[in-house]
1. Return a yes/no flag: does segment 41-50 have any residue that is on the phi > 0 side of the Ramachandran plot and modelled with pLDDT under 95.
2. Spot the failing condition for Leu128; the list is (1) of a type in the set (A, V, I, L, M, F, W, C); (2) modelled with pLDDT of 90 or more; (3) exposed (fewer than 12 other Cβ atoms within 10 Å of the Cβ), and only one is missed.
3. State whether one or more residues within segment 105-113 are basic (Lys, Arg) and modelled with pLDDT of 90 or more.
4. What about Gly185, is it exposed (fewer than 12 other Cβ atoms within 10 Å of the Cβ) and more than 26 Å from Ala46 (Cα to Cα)?
5. Only one of (1) touching a residue at least 40 places away in the same chain (Cβ under 8 Å); (2) buried (at least 17 other Cβ atoms within 10 Å of the Cβ); (3) not aromatic (Phe, Trp, Tyr) is not met by Ile73, so which one is it?
6. What do you reckon, is Thr35 among the β-branched types (Val, Ile, Thr) and either modelled with pLDDT of 95 or more or surrounded by 16 or more Cβ atoms within 10 Å (Cβ to Cβ) (or both)?
7. Please name all residue pairs, on different chains or six or more residues apart, with Cβ atoms under 7 Å, provided the first residue is in segment 87-99 and is surrounded by fewer than 17 Cβ atoms within 10 Å (Cβ to Cβ) and the second residue is among the hydroxyl-bearing types (Ser, Thr, Tyr) and not in a helix (DSSP H, G or I).
8. With the requirement that a residue be farther than 30 Å from Arg20 by Cα and among the basic types (Lys, Arg), what does segment 144-193 give you?
Amino acid sequence: MPRPADRTGEPTAGDTAPARIPRFTRAERQVHRATATLLTLCILTAACLYLPFLAELVGRRALLVTVHEWSGILLPVPLLLGLASRALRADLTRLNRYGPHDRRWLHSTLRRRRTGRPSGKFNAGQKLYAAWLAGAVLVMTATGLLMWFTHLAPVIWRTGATFVHDWLALAVIIAVAGHVWMAFGDPEARRGMRTGSVDAQWARREHPLWAAEARQDRPPETHHPPTGGAGP
């Protein structure tokens, strides 16, 4: 019977199964799934509200409006609850930090090079997408509240909020569609989000800096020498 890989993702003697590296905790995967579900509800109900042929097909406009409003209001909640997870907070810190390797990754990607694209746990494209989507959700929530509670602002403000909300919604749909398209093109990335671990060879190819840190058991994307004392 084959022995499992060690905790760093390196194969042990007698291994026949691919080595795996832990990538996402259960809490992180649940936050991702809940956020994806709410965002999908927002997009689908918005499509049914704005596209006449879908509106006629589905009907029940009042119900669609209610589902759309509450799914939008609840959209930030999974992330806020997930902040109780230390792993999620660490990954948010990674997403918010850019280094020289991110510039090299962007430069190589824009020139369509398959080599010379170093990245940590998240590449520069993922970081930009996460930052953009977080900002878009905040703006969508604010403009949606102005549209929902009509007494909060004068008519001219609500008109501007509607304009921003509608066009930003289209941009979000395009960005999310691109995200889903990229995910479908990378089965191992999807497996990592579904199971929490990824193949070690995939990690070394797609996220070499993070894979090296995982092998050396270092804190992710840091190079500070370990301090004394027992860990938590």
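The values are calculated or read from the model by the stated rules, or taken from the named source; none is laboratory data. What you see is a predicted model; the values in this text were computed from it and never measured. All Cβ positions, glycine included, derive from the backbone under ideal geometry; neighbour counts span all protein chains shown.
1. no
2. Exception for Leu128: condition (3).
3. no
4. Answer is yes for this residue.
5. Here Ile73 clears every test but (2).
6. yes
7. Listed pairs, sorted by first residue: Ala87/Thr25.
8. Scanning segment 144-193 gives a single hit, Arg158.
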